[in-house]
Amino acid sequence: MEYDAFVFDNDGVLTTPTARDVLVEAMHAAFADVGAQNPTSDEIETLLRPDVASLRRIAGEYDLEPSTLWQARERAAIEAQLEEIRAGRKRPYEDVSTLERLDAPTAIVSNNQHETIGNILDHCSFAPFDAWYGREPTLEGIERKKPEPYYLERAIADLDVDNPLYVGDSRVDVAAADALGIDSAFVRRDHRRGYELSTAPTYEIESLEGIASLY
């Protein structure tokens with residue numbers, strides 16, 4: 001298959017996932033920042049990956065505006081991940097060097113914050129990307145995250161290509177590609193051993209080195 005662009009998820013594909021305990025601590029910091037004391041473990045879990053309805057529910061329980069809680073959550077997550085990047089604990093995988101050999105435009109589309117992706121590009125040695133999108137720190141950003149194809153569609157439009165390949169490591173990555181009718185490659189890294197996909201990707205590869213055989 002001749003692909004005219006390659007679009008990548010970030011966490012678990014280009015860089016190592018952020019450690020769960022780091023994100024949990026950031027959620028506690030976000031609650032504290034808005035004066036919400038002693039959040040329950042369920043509330044912490046929900047704030048890690050909320051939908052708009054669940055965010056509104058939790059904010060209502062603390063008499064907060066949803067946007068106030070979400071902005072605190074995003075800021076805490078951005079700062080925590082930036083510290084992980086600076087400390088070298090969140091780092092690029094060695095096989096990202098494969099991207100330097102791709103003779104086609106490249107982009108990033110991530111459910112992580114747009115600012116966090118910017119911080120990664122500022123601090124990590126990557127081949128230049130032609131476009132990159134992370135999630136906006138707004139309620140609309142929650143609704144637009146994958147499996148919705150909103151940001152993926154925008155990246156493809158920016159690249160002005162017809163037949164891109166989307167490379168990810170989760171069910172939502174495959175679903176977003178399917179929603180746009182484009183091919184997907186699932187990278188089964190160590191953190192995805194035993195991870196089951198509800199929809200089959202076009203390809204399954206062990207590392208980014210496997211992309212070389214796909215075009």
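The values are calculated or read from the model by the stated rules, or taken from the named source; none is laboratory data. These numbers come from a predicted model, not from an experiment. Note that we place each Cβ from the backbone using ideal geometry, even for glycine, and neighbour counts take in every protein chain shown.
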Surrounded by 14 or more Cβ atoms within 10 Å (Cβ to Cβ) and of a type in the set (Asp, Glu) - does that describe any residue in the stretch 53-73?
no
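Looking at this structure, is Ser184 over 30 Å from Ala72 (Cβ atoms), at pLDDT 95 or above, among the polar types (S, T, N, Q) and buried (at least 17 other Cβ atoms within 10 Å of the Cβ)?
Against the criterion (over 30 Å from Ala72 (Cβ atoms), at pLDDT 95 or above, among the polar types (S, T, N, Q) and buried (at least 17 other Cβ atoms within 10 Å of the Cβ)), Ser184 qualifies.
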Just to be sure, is Ala36 in the same structural domain as Ala80 (by TED's automatic domain parsing), touching a residue at least 40 places away in the same chain (Cβ under 8 Å) and surrounded by 15 or more Cβ atoms within 10 Å (Cβ to Cβ)?
no
Condition (residue is hydrophobic (A, V, I, L, M, F, W, C) and in contact with a His (Cβ under 8 Å, 6 or more places away or on another chain)) applied to the stretch 94-115: is it met by at least one residue?
no
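Within the stretch 173-200, how many residues are closer than 17 Å to Ile156 by Cβ and either under 15 Å from the mean Cα position of the chain (by Cα) or among the polar types (S, T, N, Q) (or both)?
Matching residues across the stretch 173-200 total 6.
Inspect the stretch 151-174 for any residue being hydroxyl-bearing (Ser, Thr, Tyr), over 17 Å from Glu209 (Cα atoms), without any contact (Cβ under 8 Å) to a residue 40 or more places away in the chain and surrounded by 22 or more Cβ atoms within 10 Å (Cβ to Cβ) and give the result as yes or no.
Kept after step one, since they are hydroxyl-bearing (Ser, Thr, Tyr), are these residues of the stretch 151-174: 151, 166, 170.
Restricting the remaining residues to those that are over 17 Å from Glu209 (Cα atoms) gives 151, 170.
Now narrow it down to the ones that are without any contact (Cβ under 8 Å) to a residue 40 or more places away in the chain: none.
For the stretch 151-174, residues hydroxyl-bearing (Ser, Thr, Tyr), over 17 Å from Glu209 (Cα atoms), without any contact (Cβ under 8 Å) to a residue 40 or more places away in the chain and surrounded by 22 or more Cβ atoms within 10 Å (Cβ to Cβ): absent.
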Lone qualifier among Arg135, Arg75 - being closer than 24 Å to Arg188 by Cα and touching a residue at least 12 places away in the same chain (Cβ under 8 Å)
Arg135
Determine if the stretch 111-128 includes at least one residue that is in a loop (DSSP other than H, G, I, E, B), crowded, with 16+ Cβ neighbours inside 10 Å and of a type outside the set (Lys, Arg).
yes
Which members of the stretch 12-26 meet the condition of being hydrophobic (A, V, I, L, M, F, W, C) and in a helix (DSSP H, G or I)?
Val22, Leu23, Val24, Ala26
I'm trying to understand the selection: among the residues of the stretch 175-204, which are free of Cβ contacts under 8 Å to residues at least 24 places away in the same chain, closer than 23 Å to Ser97 by Cβ and out of contact with any Leu (no Cβ under 8 Å at 6 or more places or on another chain)?
Arg188, Asp190, Glu204
